[in-house]
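Some notes on the structure that comes next.
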Amino acid sequence: MAVLSKIPHSCYEIGHTWNPSCVQSALEVTRGALEVSFKIYAPLYLIAAILRKRNKDYYKKRLVPEILLSTTFLGANGGLYIVFFCILRKLLGGFNSWSAGFGAALPASYIAILIERKSRRGLLTIYMTNLATETLFRMAVTRGIINPLKHGEVLLFCITASLYMFFFRCKDGLNGFAFSALKFIAGKEEIPNHALVGPSEQDSHTPVEMEIRALISFFFSRCKRGPRHRCCRHYHDNCVSYCVKGFVRMFSVGYLIQCCLKVPSAFRQMFSKPSRLLSLLYNKDNFQLGAFLGSFVSIYKGTSCLLRWVRDVDDEFHALIAGFLAGTSMFFYKSTSISMYLFSKLVETMYFKGIEAGRFPYFPHADTVLYAISTAICFQAVMEVQNLRPSYWKFLLRLTQGRFAMMNRQVLDVFGTQASKDFGGVIPKLDPLHITTLWSVLAGQHSGC
């Protein structure tokens, strides 16, 4: 099929096929997006406020404005896309391969992100940049520009984990949430400057409690027996039990996380399919996430201990090797999304460290520009849905109440993107009073085939 540079159809024939009016179409998308956005943000912000133990002033003065602001941001992003979709059609006299997606979404996303609170722009930018990078990669693979690397997501995670664990071991390498998360996963024993905490004073206990404490004390005394290098800071365990306990702990965390995520869907089917409750406990995904987290910690700790024994020194460079080997744990739970997100956060961390060191320039409003570009790339992929992350496509359908699926993708096939590949050749029914002569001819040819 020949690839055309421009198609002359109207925005009604290509985009808002559910309504011939540009204004009404934009208003309908905005209204639907606002409704869906409010349903997303209202419970999300309320739960976040409860978990963070916000005071009464927050609930009275800040909660509702923050919900409305984020709702307006997301609603505006959807509605403004239709506005600029129609404006570009009138300015260009048709649609190019980029105008229907990237061109319309770029200004719409930039204006929309300015509505959102500054404190949330960075997080939104990281998410969309991660998604856009993944989308660009899929586009390049589809076009034959690059060949996908087997187990590429695992290799990327290995490199990312290696650098993350190195920064974790370095003084002032990480701070904030990243440091706290790695401290929870790897344990404070892997922090070079962590101090030994003395035993707490014992209180009076009942006989049953004393027996339990005696059993625990016996277990820990067994763990203390065995080899432990003088540089190792796991003072209560030998190296073997230190690794085993790390695996059991994080395996349990991963297993419980997956169980909790499946609880809502399982309870919805509790009366119709009671067996679903049992599958909740024995689901394969639960064990995969547990194995991923457990093996990551045990491999990292085991490698760190081994390197201390071999080199007879504790060095932060050990974390590079231990982190890389621990990254192979992703074979248990392969996820391109996790790899890309952590890599994006790593790049952000290294960039800000470069700014602090005076090696990288600081660009004001870089987060808003990057968000707009990333979102525009993802909207471009709406014209070739097979290259868009399925979860994000479902989110867009929900946000627009299914209207994105009503676009006339048969006509967009002329750009060589296989826009109608997953839509079964469906052509929307248009009002004959609002279509051009060219569309009438093309529609007649298609119906006669």
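Just checking, which of F85, F102, F73 is touching a Gly at 6+ places or on another chain (Cβ under 6 Å), part of a helix (DSSP H, G or I) and of a type in the set (F, W, Y)?
Criteria check complete, one pass: F85.
If I ask for residues that are of a type in the set (D, E, K, R) and surrounded by 18 or more Cβ atoms within 10 Å (Cβ to Cβ), which ones from the range 234-251 would you list?
Selection gives D237, K245.
Looking at T349, T328, T303, T375, which one is surrounded by 16 or more Cβ atoms within 10 Å (Cβ to Cβ), closer than 30 Å to T71 by Cβ, touching a helix residue (DSSP H, G or I) at 6+ places or on another chain (Cβ under 9 Å) and of a type in the set (V, I, T)?
Checking each option against the conditions leaves just T375.
I'd like the residue in the range 21-64 that is part of a loop (DSSP other than H, G, I, E, B) and not small (G, A, S) and, out of all such residues, is surrounded by the most Cβ atoms within 10 Å (Cβ to Cβ).
Of everything passing the filter in the range 21-64, R54 is surrounded by the most Cβ atoms within 10 Å (Cβ to Cβ).
Among the numbered criteria (1) among the hydrophobic types (A, V, I, L, M, F, W, C); (2) at pLDDT below 70; (3) surrounded by 12 or more Cβ atoms within 10 Å (Cβ to Cβ), which single criterion is violated by L293?
For L293, the failing item is (2).
Taking the criterion of being of a type in the set (F, W, Y) and either without any contact (Cβ under 8 Å) to a residue 12 or more places away in the chain or in contact with an Asp or Glu (Cβ under 6 Å, 6 or more places away or on another chain) (or both), would at least one residue in the range 366-387 satisfy it?
no
Can you say whether I14 is more than 30 Å from K429 (Cα to Cα) and β-branched (V, I, T), as far as the supplied structure shows?
Answer is no for this residue.
Across the range 304-318, what is the number of residues that are in a helix (DSSP H, G or I) and either over 22 Å from S252 (Cβ atoms) or in contact with an Asp or Glu (Cβ under 9 Å, 6 or more places away or on another chain) (or both)?
Residues in the range 304-318 being in a helix (DSSP H, G or I) and either over 22 Å from S252 (Cβ atoms) or in contact with an Asp or Glu (Cβ under 9 Å, 6 or more places away or on another chain) (or both): 8 in total.
Name the residue, out of F287, F271, that is at pLDDT below 90 and in a helix (DSSP H, G or I).
Testing whether each residue is at pLDDT below 90 and in a helix (DSSP H, G or I) leaves just F287.
Six or more apart or on different chains, Cβ under 7 Å: which pairs go from a residue in the range 44-61 that's in the same structural domain as R120 (by TED's automatic domain parsing) to one that's in a helix (DSSP H, G or I) and not hydroxyl-bearing (S, T, Y)? Could you list them?
Close Cβ pairs satisfying both conditions: Y45/L63; Y45/E66; Y45/I67; A49/L63; Y58/A49; Y59/A49.
The values are calculated or read from the model by the stated rules, or taken from the named source; none is laboratory data. No experiment lies behind these values; they were computed from the predicted model shown. Because the Cβ atoms are built from the backbone with ideal geometry, glycine has one as well, and the counts that use them run over all protein chains shown.
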